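Peer 1: Mind having a look at this structure? Questions to follow.
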């Protein structure tokens with residue numbers, strides 16, 4: 001037996017194939033609560049599903065998200081169910097609920113713009129860190145070249161320089177021994193003050209990077225949970241930024257998503273100056289990274305297809321199906337890699 005679950009501002013309804021109401025749970029007549037329940041899975045929905053499963057042994061439940069089966073006059077239904085006493089009460093509740101839903105929609109649509117700004121800022125900070133760290137290595141390398149070769153982490157190097165300054169002040173035994181035999185030149189106090197100030201600025205950039213990264217990861221999981229689950233929060237936001245927004249990426253074919261970030265290579269190919277690109281920023285996706293070179297393009301196609309579906313769910317239905325989509329992609333990639341190994 002197949003039943004359909006429909007949700008509208010009156011409540012949650014179970015319908016048979018002909019649209020007949022089998023059972024329902026009505027919402028309280030408070031516009032704020034109605035808007036909240038319409039925006040996410042609610043207790044009434046869970047209660048109705050549990051009740052149906054207990055009443056019927058062989059049952060298949062399907063979501064009637066667009067209320068196609070619920071082909072009824074809501075005003076008439078509200079009066080029949082005694083949810084409201086009059087047309088005027090119905091109109092007032094409906095109008096207030098729609099206002100709240102519209103406001104919420106505008107807020108959500110703006111949220112992707114905030115994430116786009118955040119991720120582009122993060123990219124600029126990363127570029128600055130790389131440039132400044134290279135300059136710090138060159139600068140401090142004149143004083144203590146052995147340290148700059150020994151310490152691979154730019155953040156760790158900036159921290160050591162900001163704390164100790166002169167090579168003779170470094171307390172770590174390994175570095176102290178290197179300092180005694182260093183081939184670097186002597187730095188004056190003014191030299192040390194300047195280079196330490198620079199290293200402190202770089203440390204600050206690392207702190208800002210961590211803060212913005214944490215912010216993006218948290219907000220992306222709430223705003224675009226499906227894209228974040230499939231691509232990872234940072235890559236998901238980069239894709240949205242390249243696409244121009246959540247709405248645009250939701251309406252893109254997967255082939256376009258696959259090539260986001262490869263525009264320069266694509267234009268070179270169109271001019272006959274190189275091969276057609278197989279992926280853009282998707283090169284940074286773990287599954288593409290881990291795939292053998294000859295399979296990277298194929299894996300990228302699977303990733304792009306799943307991202308296309310994730311974007312549509314995030315924009316149109318707002319359901320969190322991220323874990324399911326991620327597992328499906330994982331199985332598809334395993335299948336591709338497995339066939340290659342067999």
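Values quoted throughout were computed directly from the atomic coordinates according to the rules given, and no laboratory measurement underlies them. These numbers come from a predicted model, not from an experiment. Counting neighbours? That spans all protein chains shown, and the Cβs are built from the backbone with ideal geometry, glycine included.
Peer 1: Take the alpha carbon gyration tensor of the stretch 37-99, find the square roots of its eigenvalues, order them as a ≥ b ≥ c, and report rounded if a/c is under 1.5; if not, report prolate when a/b exceeds b/c, else oblate.
Peer 2: Note, shape of the stretch 37-99 comes out prolate.
Peer 1: If you restrict to DSSP beta bridges whose two residues both lie in the stretch 2-85, what percentage is antiparallel, to the nearest 5?
Peer 2: 70 percent
Peer 1: Can you tell me the relative contact order of the chain? Whole percent, Cα pairs under 8 Å, sequence separation 6 or more.
Peer 2: Dividing the mean separation by the residue count of the chain yields 13 percent.
Peer 1: Now for a different question. Once R0 is set to 30 Å, what does the formula 1/(1 + (r/R0)^6) return for the Cβ-Cβ distance between residue 334 and residue 221, expressed as a FRET efficiency to the nearest 0.05?
Peer 2: 0.75
Peer 1: Quick check for you: which residues of the stretch 267-310 have the amide N under 18 Å from the point 7 Å beyond the Cα of residue 126 toward its beta carbon?
Peer 2: Taking a point 7 Å out along Cα→Cβ of residue 126, the residues of the stretch 267-310 whose backbone N falls under 18 Å are 279-290.
Peer 1: Sorted from fewest to most neighbouring beta carbons within 10 Å, what does the list 58, 87, 64 look like?
Peer 2: 58, 87, 64
Peer 1: Further question: Kirkwood Rh over alpha-carbon pairs of the stretch 221-290, then Stokes-Einstein at 25 °C and 0.890 mPa s: what D in µm² s⁻¹, rounded to an integer?
Peer 2: My calculation gives 193 µm²/s for D.
Peer 1: Pull out a ≥ b ≥ c, the square roots of the eigenvalues of the alpha-carbon gyration tensor of the stretch 121-216, then state rounded if a/c is under 1.5, prolate if not and a/b is larger than b/c, and oblate in the remaining case.
Peer 2: Judged from the Cα gyration tensor, the stretch 121-216 comes out prolate (a/c at least 1.5, a/b above b/c).
Peer 1: Return a whole-number percent for the relative contact order of the stretch 165-291, with Cα pairs under 8 Å and 6 or more residues apart as the contact set.
Peer 2: Relative contact order of the stretch 165-291: 14 percent.
Peer 1: What FRET efficiency comes out for residue 271 versus residue 200 if R0 is 56 angstrom and r is the Cβ-Cβ distance? Round to the nearest 0.05.
Peer 2: 0.75
Peer 1: Quick one: order 128, 320, 112 by neighbouring beta-carbon count within 10 Å, fewest to most.
Peer 2: 128, 320, 112
Peer 1: May I pose another question? Tell me, what is the FRET efficiency for residue 138 and residue 21 to the nearest 0.05, using R0 = 56 angstrom and their Cβ-Cβ distance as r?
Peer 2: 0.15
Peer 1: So what are the stretch 188-342's ellipsoid semi-axes, whole angstrom, largest first, if each one is the square root of 5 times an eigenvalue of the alpha-carbon gyration tensor?
Peer 2: One finds semi-axes of 33, 22, 17 Å for the stretch 188-342.
Peer 1: Given the alpha-carbon gyration tensor of the chain, what are the semi-axes of its equivalent ellipsoid in whole angstrom, ordered largest first, with each equal to the square root of 5 times an eigenvalue?
Peer 2: 55, 26, 19
Peer 1: Measure nothing but the geometry: give the 0 to 90° angle between the long axis through the Cα atoms of 189-223 and the longest principal axis through the Cα atoms of the chain, rounded to 10°.
Peer 2: 20 degrees
Peer 1: What is the fewest-to-most order of 131, 303, 84 by other Cβ atoms lying within 10 Å of their Cβ?
Peer 2: Arranged by neighbour count, lowest to highest, 131, 303, 84 become 131, 84, 303.
Peer 1: Additional query: With an 8 Å Cα cut-off and a minimum separation of 6 or more residues, compute the relative contact order for the stretch 25-132 in percent.
Peer 2: In percent, rounded to a whole number, it is 35.
Peer 1: One-quarter of the Cα convex hull surface for the stretch 2-85, in nm²?
Peer 2: 5.3 nm²
Peer 1: Please compute one quarter of the surface area of the Cα convex hull for the stretch 47-159 and express it in square nanometres.
Peer 2: About 15.3 nm², averaged over all directions.
Peer 1: Hey, another quick one. Roughly how far apart, in whole Å, are the Cα centres of the stretch 278-327 and the stretch 59-94?
Peer 2: 38 Å
Peer 1: Hey, another quick one. Can you give the angle from 0 to 90° between the axis of helix 233-243 and the longest principal axis of the chain, with both taken from C-alpha atoms, to the nearest 10?
Peer 2: 80 degrees
Peer 1: Of the DSSP beta bridges with both residues in the chain, give the percent that are antiparallel, rounding to the nearest 5.
Peer 2: If I count the DSSP bridges inside the chain, around 70 percent turn out antiparallel.
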